[in-house]
1. Do you know which residues across region 27-51 are of a type in the set (Val, Ile, Thr), within 14 Å of Tyr81 (Cβ to Cβ) and surrounded by fewer than 16 Cβ atoms within 10 Å (Cβ to Cβ)?
2. Restricting attention to region 1-26, and to residues there that are of a type in the set (Gly, Ala, Ser) and surrounded by 10 or more Cβ atoms within 10 Å (Cβ to Cβ), which single residue is nearest to the chain's Cα centre (by Cα)?
3. Could you check, for region 62-73, whether at least one of its residues is surrounded by fewer than 13 Cβ atoms within 10 Å (Cβ to Cβ), farther than 20 Å from Tyr8 by Cβ and among the small types (Gly, Ala, Ser)?
4. Give me the residue from region 5-24 that is over 13 Å from Val85 (Cα atoms) and either touching a His at 6+ places or on another chain (Cβ under 7 Å) or of a type in the set (Phe, Trp, Tyr) (or both) and, out of that set, modelled with the highest pLDDT.
5. So which helices (runs of 4 or more DSSP H) stay within region 1-81 end to end and still have 3 or more residues that are without any contact (Cβ under 8 Å) to a residue 24 or more places away in the chain and not acidic (Asp, Glu)?
6. Regarding Trp121, is this residue on the phi < 0 side of the Ramachandran plot and either modelled with pLDDT under 80 or acidic (Asp, Glu) (or both)?
Amino acid sequence: MNIPNSFYTIETLFSLTGSATAVWIITSVTGYVLELKNSRKFKKLLGLTLSISLALLGVTQIQEKTSLTWVVAFINGFLIYLTAVGANTITASGSEPERAPIRETSVSGRTLRGEFTERWWQ
């Protein structure tokens, strides 16, 4: 097994995978270190801000910039964010049907899930 001999470089940081990984790592570590009670909203905003910032910073590496280049970079910022959080996470959360709650029974103070074959009439 070959161990990589380098970490991030300018080329890997400004690729889609490299940027998305950087956004994911920074938001995860920041949320963990700050130990915020409700860090979900903070991490979402931080991730989006980092994604757009990395995309716009990548434009500075281009020699001939046009206004269209900046627009494409802004859109790429959203693509970086979508890649970092996962497209399935965003699209699946609104499309799942609501499931009926599981019936639970209480036996001597303990909550147990009822079985299909239990004698309910006793």
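1. Thr49
2. In this case the residue turns out to be Ala20.
3. Yes: one or more hits.
4. In this case the residue turns out to be Phe14.
5. Ranges flagged: 16-34, 40-59.
6. The answer is yes for Trp121.
The values are calculated or read from the model by the stated rules, or taken from the named source; none is laboratory data. None of these values were measured; they are calculated from a predicted model. Every residue, glycine among them, receives a Cβ derived from its backbone with ideal geometry; neighbour counts consider all protein chains shown.
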